[in-house]
Every structure is written in C-alpha cells, then in structure tokens.
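No value in this document is a laboratory result; all are computed from the given coordinates. Keep in mind it's a predicted model, so treat the numbers as computed, not measured. Positions of Cβ are generated from backbone atoms using ideal geometry, with glycine treated the same way; all protein chains shown enter the neighbour counts.
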Amino acid sequence: MRALLAIPAVALALVLAAISGSASEWCSEDPAIHFVDAKGNTHTVYLTAYGDGVEHSHAVSATTFTYSTEYGDHGQKTKIRLVVFVPDDCRHHFHVRTLVSTGPGGTGVVLAHHDSDSGHSSDLEFEISG
C-alpha cells in the first residue's frame, strides 16, 4: 500500500522539478536613486533592471541611467523621468525588465515599469506629490 502512495508522490516531484527547471532565471541590478522634490524633500527610489537569464548578468551590471526632475502644479508635484540603458552582451539582444519602486528589489510601491530588449533605451516616468 505504501508503494502505491509513493508512486504518485514521486511522479508529482518529477513534474514540479521539470516545471521549475524550465522557468526563466533572471539576474538583476538595483541602484538607489536620490532626488529632491519641489518642496526640497529628499526621496529615494530603486531602479531594478532584470535580464532574462543569468548568463546576461555582466551586461545587466553595466546598466546605465540618467534622470531629470520637473516641478509642476505650483510646487505640489515632481515628475521624474529616467532613461535606462542595458547593453547587449556577446549573445546580442535579450529580454529586459526595468522598474522603479519605493523599496529595493522591486518591493514597495511600483512607480513605473517597462519591458524591452537589451541594446535599447527604456523611458520610465512617474510623479511624486508634495
């Protein structure tokens, strides 16, 4: 009887192993960005760049970005625009996901996100009140 119960359990374990083995693996980079809002308060957000496949970790670690701030609504809102570039690697293009959040590693509130390919710039924009 125990042998009959073990067979489905082993089969389930093999299926789950196959599924997890075929799932995408991602590498990431996560710099903090500090900016000053229209009222002079300092804020920190995190730019997380993911590359589809750990073999692209070197290219993802070479991610560059620039950002600009624009004040509006009589000092009540601050608009932030980031331009993010993840370079290609020796394997050329790969899928890239970038996001800006209030916590490291994409935690907290996600303020902006974009999916694209390496070798192309991504524009991310968000607004902070206050």
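Based on other C-beta atoms within 10 Å, arrange LYS39, LYS79 from fewest to most.
Result, fewest neighbours first: LYS39, LYS79.
For the range 75-130, report the convex hull volume of the alpha-carbon atoms normalised per residue, in Å³, without decimals.
73 Å³
Suppose each label sits 7 Å from its Cα in the direction of the beta carbon; what would the THR44-GLU125 distance come out to in nanometres?
Here the answer is 2.8 nm between the modelled labels.
For the range 25-129, report the translational diffusion coefficient in µm²/s to the nearest whole number, using Stokes-Einstein at 10 °C, 1.306 mPa s, and a Kirkwood Rh over Cα pairs.
Stokes-Einstein gives a translational diffusion coefficient of 113 µm²/s.
Quote the FRET efficiency, to the nearest 0.05, computed for ARG81 versus SER57 with a Förster distance R0 of 30 Å and r equal to the Cβ-Cβ distance.
0.65
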